[in-house]
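Participant: Can you read through this structure? Questions will come right after.
The values are calculated or read from the model by the stated rules, or taken from the named source; none is laboratory data. Everything numeric here is computed off the predicted structure, so don't read it as measured data. Positions of Cβ are backbone-derived with ideal geometry, glycine not excepted, and every protein chain shown enters the neighbour counts.
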Amino acid sequence: MSAPENPASPAALPVLTLRRGEDRRLAAGHLWIFSNEVDVAKSPLTSFQPGDCVRVESAQGRPLGSAYVNPGALIAGRVYCQDATRSLDAALLRSRLAAALGLRQSLFAAPCYRLVFGEGDLLPGLVVDRFGDVLAVQIGTAGMERLRAEILAALTDLVRPTGILLKNDLPGRELEGLPRAVEVAAGHVPDEAEIEENGCRFVFPLAGGQKTGWFYDMRANRALAAGLAKGRRVLDVFSYAGGLGLACARAGAASALCLDASRTALDYAARSAELSGLADRVETLCVDALAGLKDLRAQGRSFGLVSVDPPAFVKRRKDMEKGLAAYRTVNRLALELAEDGGFFVSCSCSQHVGAADLRKVLAGAARDAGVRLQILAGCHQAADHPIHPAMPETEYLKGYLCRVSRPGRGL
């Protein structure tokens with residue numbers, strides 16, 4: 001049984017008071033408190049230490065929940081409980097982790113999934129990926145960093161992993177005043193992990209890989225594309241270790257070309273193709289995406305299914321115009337390679353780019369490429385990345401599955 005979430009707190013929490021009118025978003029369920037929303041006359045941020053738990057109140061004294069704070073960060077507080085008297089302690093951590101584990105066990109037959117997705121699991125600042133008996137953990141905030149030992153103890157108790165890797169090299173830690181590092185926190189962590197997804201065997205690096213090593217968020221989108229791939233030539237742009245390309249080959253694609261700028265990632269894609277018995281239908285191309293797409297066009301290549309899943313081009317709101325232009329360019333170049341009647345998958349993992357923004361990008365890219373698009377379905381992050389209904393920031397992955405047609409002159 002998981003621990004109860006509401007035991008009596010040993011001591012009253014210090015109060016963090018918001019400025020007048022700044023409580024509406026939190027009252028609606030949002031979990032972030034920005035530094036300019038705090039009434040520093042009543043609650044000087046300098047009076048708190050990074051990771052302190054506080055009772056959040058409106059300007060009128062209405063309780064809004066419990067949060068942990070970081071006085072030096074733009075996001076000065078992160079709400080973890082609606083109960084304004086509850087400390088974030090080992091018992092609450094274990095309860096939340098047990099709930100997250102139970103959800104994944106109900107969703108997936110194999111122990112390969114994102115076990116914790118920050119705010120989506122009411123554990124802001126914590127991400128955990130599970131690769132069988134090995135866990136990759138990212139602690140992104142000072143509040144969670146303070147509880148590192150309790151997190152590791154709870155994960156060890158609940159999952160019994162053979163190894164835990166702390167993959168704390170994410171840039172956001174610097175904004176929290178935390179060092180960046182990758183280290184083995186417990187047990188033995190191999191250099192590589194191996195999982196099964198969409199009928200394929202994948203091998204990829206752990207400590208030396210991108211993010212936590214694998215991108216579980218695209219699992220369902222890869223399966224969606226694979227369902228349309230039979231007999232088609234497939235182009236997987238920004239393929240990383242070949243998740244979509246191999247899934248399509250497994251589903252009967254005539255061929256799959258995995259394009260990525262990382263030679264290491266493509267070497268793993270080739271190894272995974274061998275493991276999955278797909279080496280005869282999987283090809284890799286190590287090149288910058290824009291240059292590679294132009295070269296393929298110059299060679300007269302075309303594909304019945306094209307997927308574009310780039311890294312985040314819009315990391316900050318001020319980058320929006322430039323980032324949307326980059327999305328439009330890469331989608332236009334990819335659309336030029338799509339066959340008449342073929343399928344096109346375009347995704348964006350930029351938190352600041354909404355589904356409507358991407359739809360406008362695709363409309364412009366289609367005009368530039370001289371094709372017509374029919375949107376058949378939306379693409380979303382997989383179910384092990386649950387969305388908090390009051391936090392659009394947790395719905396970061398969006399995309400579209402489209403049909404491409406090349407109208408004749410005058411049509």
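Participant: Which residue out of Leu135, Leu175, Leu166, Leu147 is of a type outside the set (S, T, N, Q), surrounded by fewer than 21 Cβ atoms within 10 Å (Cβ to Cβ) and not assigned by TED's automatic domain parsing to the domain that holds Val69?
Facilitator: Answer to the selection: Leu175.
Participant: I want to confirm something. Restricting to the range 197-210 and keeping residues that are under 27 Å from Ala181 (Cβ atoms) and in contact (Cβ under 8 Å) with a residue 60 or more places away in the chain, which single residue is surrounded by the fewest Cβ atoms within 10 Å (Cβ to Cβ)?
Facilitator: Val203
Residues are listed down the side, and each one gets a yes or a no for (1) closer than 19 Å to Ala226 by Cα; (2) over 16 Å from the mean Cα position of the chain (by Cα); (3) modelled with pLDDT of 95 or more:
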{"residue": "His352", "(1), (2), (3)": "no, no, no"}
{"residue": "Arg367", "(1), (2), (3)": "no, yes, yes"}
{"residue": "Ile375", "(1), (2), (3)": "yes, yes, yes"}
{"residue": "His380", "(1), (2), (3)": "yes, no, yes"}
{"residue": "Glu395", "(1), (2), (3)": "no, no, yes"}
{"residue": "Gly399", "(1), (2), (3)": "yes, no, yes"}
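Participant: Something else now. Residue under question is Arg130, and the condition is that it be surrounded by 24 or more Cβ atoms within 10 Å (Cβ to Cβ) and within 20 Å of the chain's Cα centre (by Cα); does it hold?
Facilitator: Yes: the conditions hold for Arg130.
Participant: A further question on this structure: Hey, among Arg94, Arg62, Arg55, Arg114, which residue is among the basic types (Lys, Arg), out of contact with any Leu (no Cβ under 6 Å at 6 or more places or on another chain) and not assigned by TED's automatic domain parsing to the domain that holds Leu155?
Facilitator: Of Arg94, Arg62, Arg55, Arg114, the one residue that is among the basic types (Lys, Arg), out of contact with any Leu (no Cβ under 6 Å at 6 or more places or on another chain) and not assigned by TED's automatic domain parsing to the domain that holds Leu155 is Arg62.
Participant: Only one of Gly77, Gly72 is among the small types (Gly, Ala, Ser) and out of contact with any strand residue (DSSP E or B) (no Cβ under 7 Å at 6 or more places or on another chain). Can you tell me which? Spell out how you get there, then give the answer.
Facilitator: On the way: Gly77 fails: out of contact with any strand residue (DSSP E or B) (no Cβ under 7 Å at 6 or more places or on another chain).
Within the list Gly77, Gly72, the selection yields Gly72.
Participant: Output yes when any residue across the range 261-277 is at positive phi, in contact with a strand residue (DSSP E or B) (Cβ under 6 Å, 6 or more places away or on another chain) and assigned by TED's automatic domain parsing to the domain that holds Cys200, and no when none is.
Facilitator: no
Participant: What's the number of the only condition in (1) out of contact with any Lys or Arg (no Cβ under 6 Å at 6 or more places or on another chain); (2) of a type in the set (A, V, I, L, M); (3) buried (at least 22 other Cβ atoms within 10 Å of the Cβ) that Ala270 fails to meet?
Facilitator: Only one criterion is unmet by Ala270, namely (3).
Participant: Quick one: Gln351 ticks every box in (1) surrounded by 19 or more Cβ atoms within 10 Å (Cβ to Cβ); (2) not in a helix (DSSP H, G or I) bar one, so which box is it?
Facilitator: (1)
Participant: Same structure, new question: Within the range 281-312, work out how many residues are within 20 Å of the chain's Cα centre (by Cα) and surrounded by fewer than 22 Cβ atoms within 10 Å (Cβ to Cβ).
Facilitator: Result for the range 281-312: 3.
Participant: Follow-up. For the range 178-189, which residues satisfy the criterion of being surrounded by fewer than 15 Cβ atoms within 10 Å (Cβ to Cβ) and in a loop (DSSP other than H, G, I, E, B)?
Facilitator: Correct list: Pro179, Arg180, His188.
Participant: Which one of the conditions (1) part of a loop (DSSP other than H, G, I, E, B); (2) more than 26 Å from Ala247 (Cα to Cα); (3) not hydroxyl-bearing (Ser, Thr, Tyr) does Leu324 fail to meet, given that it meets all the rest?
Facilitator: All conditions pass for Leu324, except number (1).
Participant: Which members of the range 32-65 meet the condition of being small (Gly, Ala, Ser), under 28 Å from the mean Cα position of the chain (by Cα) and over 16 Å from Thr141 (Cα atoms)?
Facilitator: Gly65, the sole residue that qualifies.
Participant: Would the range 180-189 turn up any residue that is at pLDDT 95 or above, at positive phi and touching a helix residue (DSSP H, G or I) at 6+ places or on another chain (Cβ under 8 Å)?
Facilitator: Among the residues of the range 180-189, not one is at pLDDT 95 or above, at positive phi and touching a helix residue (DSSP H, G or I) at 6+ places or on another chain (Cβ under 8 Å), which makes the answer no.
Participant: Would you call Pro71 buried (at least 19 other Cβ atoms within 10 Å of the Cβ) and in a loop (DSSP other than H, G, I, E, B)?
Facilitator: So Pro71 passes the test.
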